[in-house]
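What follows is a single structure, written as structure tokens, with notes after it.
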Amino acid sequence: MAPRSLDSPLSVVPWAAALLLVLSVERALALPESFYTCQIGAGRLRSHWRAHNIYVRIVFSKMRSFPGQDLVQKFSGALFWRLVPRGRNASSSKPDIKICIQCPGSVQNLSEVALYCKQTPELMLHARCCLNWKGTILGLDLQNCSLKDPGPYFPQAHTAIIIDLQANPLQGDLANTFHGFTQLQTLILPQDVNCPGGINAWDTVTFYINNQTCQEQRKLCNSTGDSEMCPENGSCVPGGPGLLQCVCAEGFHGYKCMRQGSFSLLMFFGILGSTTLSISILLWGTQRRKAKAS
């Protein structure tokens, strides 16, 4: 019996089946979550690689041979290694966060952000950011970037604990810029720029020759009095340095959280629809009369 060529329609079936099996290898291995945190030793990585090869050999041993089987096996190995981040600063593990690449260069080795990031093994430096294994920004170093304002992507760093903005010609009030930065504990600014929220928003404000440091963000909700700042059905939550906001309790909404129950979408769209229909009929009748009169 003559062997079938790769162009034969019958040869497509084993090719397709083999590719589907290969693509399911990584899921079948059920690699632990820590495997993707770039914290894996070489021995552990080799054990997963051996398990991968064993799995592939078992799969192909259960199938009849077909043209290109060796090529598919090699492809499966390449796919396995592509999914594995190699090294602590592997490019495959770095998310595309625009605020991190807003300013050219990388975090300076002696900066406060670099020192903070190197203290914890689970953290890694990426461009101008210090990230955890989930890709969350915990540190941001934008010093000496000629910035007049932090830029439109700055809210991406609202989870940061330390931010360095020194040596920048910043202009204007930065209070609203840090809205939502509730985790921020250390902020380094140029000497002529005030800490957002003022001195009362921070436990410690230290002035140096070239910069100033705002440390330990205060929780204003505890100091101002919850009952005075928020209505009866609302509670005070931090909103950033020198900022707070009142959140309505569950089941309440509207002005000063005075309305109870969920917002009635049916009533809203019913009134809106009936009003629109009435106005449309009125305009149609008016235009019809004018047309008859002319």
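The values are calculated or read from the model by the stated rules, or taken from the named source; none is laboratory data. Owing to the predicted nature of the structure, the values given are computational and were not obtained by experimental measurement. Counting neighbours? That spans all protein chains shown, and the Cβs are built from the backbone with ideal geometry, glycine included. Note: areas computed on protein heavy atoms with side chains; ligands, DNA, RNA excluded. Shrake-Rupley method; radii C 1.70, N 1.55, O 1.52, S 1.80 Å.
Within segment 113-123, the set of residues being outside any loop (DSSP other than H, G, I, E, B) and modelled with pLDDT of 95 or more comprises V113, A114, L115, Y116, C117.
Residue by residue, here is whether (1) among the polar types (S, T, N, Q); (2) touching a residue at least 24 places away in the same chain (Cβ under 8 Å) holds:
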| residue | (1), (2) |
| --- | --- |
| Q212 | yes, yes |
| N222 | yes, no |
| G239 | no, yes |
| C246 | no, no |
| E250 | no, no |
| Y255 | no, no |
| G261 | no, no |
| L266 | no, no |
| S294 | yes, no |
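Of all residues in segment 124-176, those satisfying the criterion of being loosely packed, with under 14 Cβ neighbours inside 10 Å, of a type outside the set (S, T, Y), under 22 Å from the mean Cα position of the chain (by Cα) and in a loop (DSSP other than H, G, I, E, B) are K134, D149, P152. For segment 247-260, the set of residues classified as assigned to a strand (DSSP E or B), open to solvent by less than 60 Å² (accessible area, probe 1.4 Å) and either in contact with a Gly (Cβ under 7 Å, 6 or more places away or on another chain) or polar (S, T, N, Q) (or both) consists of C248 only.
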